[in-house]
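Colleague: The structure under discussion is supplied below as structure tokens; questions concerning it will follow.
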Amino acid sequence: MGSEELSAQITLGAVDEASSVISGIAGRLGGLIGQLTSIAGIGGGLSFGGFVASGIEFNKVIEDSRTGIAALVLSSRNFADQNGKTASTADALSASLKIAEGVQADLLKDALKTPGAYKDVVSAFQAAYGPATQAGITNIGKIREVTVAASLAVGA
């Protein structure tokens, strides 16, 4: 056997070996994807597309709650700059959104303690906000605490 023939056999052997390794990796990867899909299916029969749709829906709930809370804050407060001059609409909206993000973060934590979902806690907070501010309660944290306590009492 000549050196060229030996070199060709070694090259073909290496290609076969590499092909075998790649096939094995592809098979294992396919199995892993199948396992992940079946694990995902245990949580309510959701497919990957279902998880994506759930994520999109959750993001919608988060954004809707942020803007809803900001609208409540904006409508119930007078914002002023450091000199006492009424803030521009853009500045007031920006401040309202910042307040809403803080309330939202607290409500996300609170929702873990209640039997309801986050959107239920937000809905309860938004429903309580108007009457509470009309009654003179301006502390948003207090409104949130009362809302969560009521959510817990209803779930008990």
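Derivation of every value follows stated rules applied to the coordinates shown; laboratory data play no part. Computed from a prediction, not measured in an experiment: that's the story for all the values here. In this analysis, Cβ positions are derived from the backbone assuming ideal geometry, glycine residues included, and neighbour counts consider all displayed protein chains.
Colleague: Taking other Cβ within 10 Å of each residue's Cβ, how do Leu74, Leu112 sort, fewest first?
Modeller: Leu112, Leu74
Colleague: Take Leu108 and Ala128, extend 7 Å from each Cα along the Cα→Cβ direction, and tell me the distance between the two endpoints in nm.
Modeller: So the label points at Leu108 and Ala128 sit 2.0 nm apart.
Colleague: Please arrange Val52, Val148 by counting, for each residue, the other beta carbons lying within 10 Å of its beta carbon, fewest first.
Modeller: Exposure proxy ranking, most exposed first: Val52, Val148.
Colleague: Taking only Cα atoms of the range 90-156, what ratio of Rg to Rh do you get with Rh as the Kirkwood inverse-distance radius?
Modeller: Answer for the range 90-156: 0.99.
Colleague: Under a 5 Å amide H to amide H cut-off, with H placed in plane at 1.01 Å, what residues pair with Ala80 once short-range neighbours are removed?
Modeller: When sequence neighbours closer than 5 places are left aside, the close amide H contacts are Ala87.
Colleague: Provide the packing ranking of 136-147, 81-92, 121-132, i.e. peptides ordered by the mean count of other C-beta atoms within 10 Å per residue, highest first. Don't skip to the answer; put the middle values down first.
Modeller: Numbers: 136-147: 14.8, 81-92: 10.0, 121-132: 18.3.
Per-residue mean Cβ counts within 10 Å order the peptides as 121-132, 136-147, 81-92.
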